[in-house]
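Take a look at the structure set out below.
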Amino acid sequence: MIVGCTVATALGAIVLGSILLMLIIEGVRGFTPTLFTQVTPGPGSEGGGIANAILGSLVMTVLGIVVATPVGVLAGTYLAEYGRTSQLANLIRFLNDILLSAPSILIGLFVYTLMVRPMGGYSGWAGGVALAIIATPVIVRTTEDMLRLVPGTLREAGAALGAPMSIVIRSVTWRAAQSGIVTGVLLALARIAGETAPLLFTALNNNSWFNSNLMGGVANLPVMIYQFALSPYENWRQLAWAGALLITVTILGLSIVARLVLSGPKGR
């Protein structure tokens, strides 16, 4: 059993290491001074960068996490503090689990029908809503789990002082579980940072700067990587490698920060 587990671990590490090594070797070649200052080039054009795609991804990711965080935290709080074993809470957990495991492309199609078609075109708003729907169940599950880990004696102590339940939640349970809740938000942020499928149906892409009202196609790293990697142009493929490395490093950084937050003094 030990030999089998060791071999399986080694195989997984070798495959993952090979992918990361190839990504680093190919991606570093694309890191040029213009990568973060110029927009993506047109077909057959030389040079260019991914500044517009980076900014578009940042805007839609922030928009998605800003929408998902209060909804996810409040829903998780209801499940852990108010609903507990009620039928409504069980139904919400069931639906949240379905949403958590649903293919992201289905969410993209849903938002396409809900927003893109009625609005008459692609937009960053639709992309942000799609990312928010993906991030919300992650935050709900993490928030509920972290709040359930808070000892009941802390709640009883707050109630013994005459504080209503809302005050106990805000001043006691949220503070006790804040590192875990922040970790859930960071994990949700890492989850949506590299999503491609929902953005294909909502924000699509753009080889120039997007409008300030976020209407029309909005450039973003995941879709840019998908389109450029399949192109016949060498500089496009190089930009796709550089964008893939940038997303990987960003997600890795968020995962490390989440682990550090969870393993900190308050997380323990």
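Just so you know, all these numbers are worked out from the coordinates, no wet-lab data involved. Note that the structure is predicted; figures quoted are calculated from it, not measured. As a convention, Cβ positions derive from the backbone with ideal geometry for all residues, glycine included, and neighbour counts pool all protein chains shown.
Assorted remarks:
- Helix 124-148 vs. the chain, principal-axis angle (Cα, 0 to 90°, nearest 10): 30 degrees
- The length gained by stretching the chain between THR32 and LEU114 to full extension, at 0.36 nm per residue less their Cα-Cα distance, is 25.5 nm.
- In the chain, a dipole from Cβ-located charges (positive for Lys and Arg, negative for Asp and Glu) runs towards its positive end, and of SER179, GLY253, ILE107 it is SER179 whose Cα lies farthest in that direction.
- According to the calculation over all Cα-Cα pairs in the chain, the P(r) per 5 Å bin from zero is 1, 6, 11, 13, 14, 14, 13, 10, 8, 5, 3, 1, 0, 0, 0 %.
- Packing-based ranking of 148-159, 173-184, 251-262 yields 173-184, 251-262, 148-159, ordered from highest to lowest mean Cβ neighbour count within 10 Å.
- Potential lengthening of the chain between ARG259 and THR153 amounts to 35.5 nm, from the contour at 0.36 nm per residue minus the alpha-carbon distance.
- Here the spin labels are modelled as points 7 Å beyond Cα on the Cα-Cβ line, and at SER171 and CYS5 they lie 4.7 nm apart.
- Order by protection proxy (mean Cβ within 10 Å, highest first), peptides 43-56, 216-229, 115-128: 216-229, 115-128, 43-56
- Relative contact order (%) - criterion: Cα under 8 Å, at least six apart; region: the stretch 78-206: 39 percent
- The simple spin-label model puts a point 7 Å past each Cα toward its Cβ; for SER101 and TYR233 those points are separated by 4.2 nm.
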